[in-house]
Amino acid sequence: MSHKRGTSFFMSIVENYLKIKSEIPNKITVVAVSKTHSADSIKVLYDAGCRDFGENKVQELLEKQKLLPPDIRWHFIGHLQTNKVKQITKNIYLIHSVDSLKVLSEINKEANKCGRTIGCLLQFHIATEDTKFGFSIEDFTSLDFCNQIKSFKNIMIMGIMGMASFTDNEMLIRKEFKQLQTLFTTLKQTIFFNSNDFNTLSMGMSGDYELAINEGSTMVRIGTTIFGHREYPNKPTR
Ligand SMILES: *Cc1c(COP(=O)(O)O)cnc(C)c1O
């Protein structure tokens with residue numbers, strides 16, 4: 001951010017975060033989505049106890065990592081291109097947006113090179129919009145596909161992630177979250193039945209996290225309600 005922020009701006013970030021935390025069950029992880037927001041804003045929330053931060057651009061993530069404490073759990077939530085994987089594997093905590101075998105295989109390769117096992121969520125496409133990346137349940141009807149997903153030694157599949165349609169239609173959002181929850185349970189009882197690590201259902205953003213929690217979310221990704229509106233140089237929000 002180019003302009004200077006006052007103390008009250010930073011205080012409101014902390015207040016927003018603590019309010020959300022106080023209103024939802026303790027066991028739900030809140031990932032503070034800090035994309036487009038400054039390292040200063042992140043540090044203020046860090047000092048208030050937040051350790052989980054979400055970014056969706058590789059370059060932006062790397063720049064912020066350099067400026068901030070090493071015990072932050074960085075979550076990657078944006079579309080990840082195969083050729084950028086190696087830049088983030090050293091310091092990433094959880095990749096929410098794994099949407100192909102190709103990218104999973106690349107993460108595995110790079111994780112192996114730095115001697116890590118990296119947590120990943122499989123992103124599912126449930127929203128009505130075509131633009132969202134992700135797997136579909138049909139992919140999992142292939143035994144070969146399921147075996148490949150499980151074959152990567154340096155990957156820990158920790159659950160799934162999804163986004164509901166961008167709409168005011170609460171019924172539709174609820175239906176999509178129910179679909180994700182069913183998918184999560186189905187995978188947990190089938191291909192991941194012997195994995196204790198498959199526990200995370202990442203769904204819910206500023207506009208719909210309460211609905212998501214009601215439908216079984218274990219991890220919410222909240223940007224605007226904590227940090228305020230994002231300012232993009234030339235792009236519309238979202
Ligand atoms: C930006 C983003 C969020 C946070 O959105 P808000 O509506 O600002 O809370 C959550 N998840 C993903 C994948 C995002 O890209």
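Computed over the chain, the P(r) curve from all C-alpha pair distances, binned at 10 Å from the origin, holds 7, 32, 37, 20, 3, 0 percent per bin.
So what is the 222 nm mean residue ellipticity for the chain from helices alone, if each DSSP H run of at least 4 adds -39500 (n - 2.57) and you divide by all residues, rounding to the nearest 500 deg cm²/dmol? Please list the in-between numbers first.
Details: 9 runs with 91 residues, N = 238.
When only DSSP H runs of four or more count, the value is -11500 deg cm²/dmol.
Counting protein heavy atoms only, the chain has 51 percent of its accessible area on carbon and sulfur, 1.4 angstrom probe.
Computed from backbone phi, the HN-Hα couplings of the range 143-155 come to 4, 4, 4, 4, 5, 5, 4, 8, 7, 7, 6, 9, 10 Hz, rounded to whole numbers (Karplus: 6.51 cos²θ - 1.76 cosθ + 1.60, θ = phi - 60°; Gly and Pro given as x).
Normalised per residue, the accessible area of the range 106-184 is 52 Å², obtained with a 1.4 Å probe and no contribution from ligands, DNA or RNA. Look at the dipole of the chain built from charges on Cβ: of 128, 75, 199, the Cα furthest out on the positive end belongs to 75. Largest first, the extents of the alpha carbon coordinates of the range 21-142 on the three principal axes equal 46, 37, 25 Å. Only Lys, Arg, Asp and Glu carry charge here, each on its Cβ (+1 for the first two, -1 for the last two); on that basis the chain has a dipole of about 760 debye about its Cα centre. Rg then Dmax, both in Å and based on the Cα atoms of the range 20-61: 11.3, 33.
Computed from backbone phi, the HN-Hα couplings of the range 55-67 come to 10, 10, 10, 4, 4, 5, 4, 4, 5, 6, 4, 4, 9 Hz, rounded to whole numbers (Karplus: 6.51 cos²θ - 1.76 cosθ + 1.60, θ = phi - 60°; Gly and Pro given as x). The fraction of all Cα pairs in the range 109-238 landing in successive 5 Å bins from 0 to the largest distance is 2, 10, 17, 20, 18, 14, 10, 6, 2, 0, given as whole percents.
Listed values for the range 209-217 are Karplus-derived 3J(HN,Hα) couplings in whole Hz (6.51 cos²θ - 1.76 cosθ + 1.60, θ = phi - 60°), namely 5, 5, 4, 4, 5, 4, 9, x, 4, and x replaces Gly and Pro. Taking the longest Cα principal axis of the chain as reference, the axis of helix 170-189 is set at about 50 degrees. Computed over the alpha-carbon atoms, the range 1-82 gives an Rg to Rh ratio of 0.97, Rh here being the Kirkwood radius from the mean inverse distance.
In the structure displayed, which of 64/150; 21/43; 43/66; 43/84; 57/102 lie more than 21 Å apart, Cα to Cα? It would help to have the intermediate numbers written out before the result.
Working: 64/150 32 Å; 21/43 18 Å; 43/66 12 Å; 43/84 26 Å; 57/102 19 Å.
Long pairs (Cα-Cα over 21 Å): 64/150; 43/84.
Heavy-atom accessible area for residue 105, with the other protein chains in place and a 1.4 Å probe, reaches approximately 50 Å².
If I take all pairs of Cα atoms in the range 160-202, what percentage of them are more than 11 Å from each other? Mind showing how you got there, number by number?
Values: 589 of 903 pairs.
When every Cα pair of the range 160-202 is considered, 65 percent fall beyond 11 Å.
Kindly provide the GluC sites (Glu not before Pro) of the range 146-238 that DSSP labels as loop, not H, G, I, E or B, and whose Cβ sees at most 13 other Cβ atoms within 10 Å. When the GluC sites (Glu not before Pro) of the range 146-238 are filtered for loop state and at most 13 Cβ neighbours within 10 Å, 231 remain.
Taking amide H as placed 1.01 Å from N in the peptide plane, residue 33 has its amide H under 5 Å from the amide H of 54, 222, 223, each at least 5 places away in sequence or on another chain.
The values are calculated or read from the model by the stated rules, or taken from the named source; none is laboratory data. This structure is a prediction, so every number in the text was calculated from the model and none was measured. So basically every Cβ, Gly included, is an ideal-geometry build from the backbone, and we count neighbours across all protein chains shown. The protein model used for the area step is the full one, side chains on, heavy atoms only, and it has no ligands, DNA or RNA in it. Shrake-Rupley method; radii C 1.70, N 1.55, O 1.52, S 1.80 Å.
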